[in-house]
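J.: After the structure tokens below, expect a handful of questions from me.
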Amino acid sequence: MELCDIIKPENLVYKKPDLMNDNPMHYCPGCSHGVIHKLIAEVIEDMGMNEKTIGVSPVGCAVFAYNYLDIDWQEAAHGRAPAIATAIKRLNPAKMVFTYQGDGDLAAIGTAETIHAANRGENIVIVFVNNAIYGMTGGQMAPTTLEGMATSTTPYGRDVHLNGYPLKISNLLVQLEGTCYVTRQSVQNPAAVRKAKKALRKAFENSMMSKGTSVVEFVSTCASGWKMTPAEANEWMEEHMFPAYPLGDLKNID
């Protein structure tokens, strides 16, 4: 390729992925979901899997994911996405199958489905958005809520003697023989976005190579639920969430 081809205007345009449609997003300003949707769309397109990908979205802020990504989708009851994804992948092994779940969905009502699908080593990708709160239903304490963190149901902060400790479910999933890749990422700045896209690509490739279950956790913000501006939420996440949920690969079996 000639240099003049590389610098053509059409090669310099930063545009929305073709898989993302024109529906206005319902997410709050500063929410991480929109960026994560975009990365998933880019990875699917880069892999040429537009017609071979099936997503599973359950209850919560993720419930309307099918409105934004033009792929096949299956709705799931609250917490049951890994079980549905298991059935889809086993019946359609040539398809690329992933779930898209929040922390309340994955780490509370869906704990059993998550752990057992991963323990079986199902060849699916679990995308896990962890903002440490129930974002859609009023900002209640979630399993991942930090110690001392105020929510609508813990207005004086999470008390471990009353509410237990934050559940670091990705650390638990690392211990299972069925998981091949478990990673924590974020999307609060361009460098983080680039790392996150690379992690998603690896996870999806693993699923198509039948390596087992891959889990991509996104440590994320919920500006509305945290009662902060988007900028304040990013700062709070970096100061408080990252020490509790360190970023990087937790498990990587090549």
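Please treat every number below as a calculation from the coordinates, not as lab data. From a predicted model like this one, the values you see are computed outputs, not experimental measurements. Don't worry about glycine lacking a Cβ; one is built from the backbone with ideal geometry, like all the others, and counts go over all protein chains shown.
J.: Which whole-angstrom value gives the distance between the alpha carbon centres of segment 100-142 and segment 29-70?
T.: When both Cα centres are located, 16 Å separates them.
J.: Connecting C-alpha atoms closer than 10 Å in a GNM of the chain, tell me which of I109, I124, I54 has the biggest fluctuation.
T.: Maximum among the listed residues: I109.
J.: By what distance, in whole Å, do the Cα atoms of segment 139-199 stretch along each of the three principal axes, largest value first?
T.: Rounded to whole Å, the extents work out to 39, 33, 14 Å.
J.: What number comes out for the charge environment of K197, summing +1 per Lys or Arg and -1 per Asp or Glu over other residues with Cβ under 13 Å away?
T.: +2
J.: Another question, if that's okay. Once amide H atoms are placed 1.01 Å from N in the peptide plane, what residues at a sequence separation of 5 or more from N131, or on another chain, have their amide H within under 5 Å of its amide H?
T.: D103, S220
J.: So which lysines can K211 reach, going by Cα to Cα under 26 Å and dropping same-chain residues fewer than 8 places off?
T.: Leaving aside lysines fewer than 8 places away in the same chain, those within reach of K211 are K38, K52, K89, K95, K168, K195, K197, K198, K202, K251.
J.: What percent does the relative contact order of segment 81-230 come to when contacts are Cα pairs within less than 8 Å and at least six residues apart?
T.: In percent, rounded to a whole number, it is 27.
J.: If the elastic network links every pair of Cα atoms under 10 Å, which of Y66, Y134, Y181 fluctuates the most in the Gaussian network model of the chain?
T.: Y66
J.: Sort I71, I169 by Cβ crowding within 10 Å, fewest neighbours at the top.
T.: I71, I169
J.: Then there's this: Check G79: other-chain or 5+ apart residues with amide H under 5 Å from its amide H, H built from backbone geometry?
T.: Under 5 Å from the amide H of G79 lie the amide H atoms of V59, each far enough along the sequence or on another chain.
J.: Ranked highest first by average number of other Cβ atoms within 10 Å, how do 24-34, 93-103 line up?
T.: 93-103, 24-34
J.: Please compute the net charge surrounding W226, taking Lys and Arg as +1 and Asp and Glu as -1 over other residues with Cβ under 14 Å from its Cβ.
T.: -3
J.: Let me ask something else. Using the 10 angstrom Cβ neighbour count as an exposure proxy, how do V35, V56 rank, fewest first?
T.: If I rank by nearby Cβ atoms, fewest first, I get V35, V56.
J.: Would you order D72, D46, D105 from fewest to most other beta-carbon atoms within 10 Å of each residue's own beta-carbon?
T.: D46, D72, D105
J.: Taking θ = phi - 60°, what integer Hz values does the Karplus form 6.51 cos²θ - 1.76 cosθ + 1.60 yield along segment 99-108, in sequence order, with x for Gly and Pro?
T.: Taking θ as phi minus 60°, the curve returns 9, 10, 9, x, 5, x, 5, 6, 9, 10 Hz for segment 99-108.
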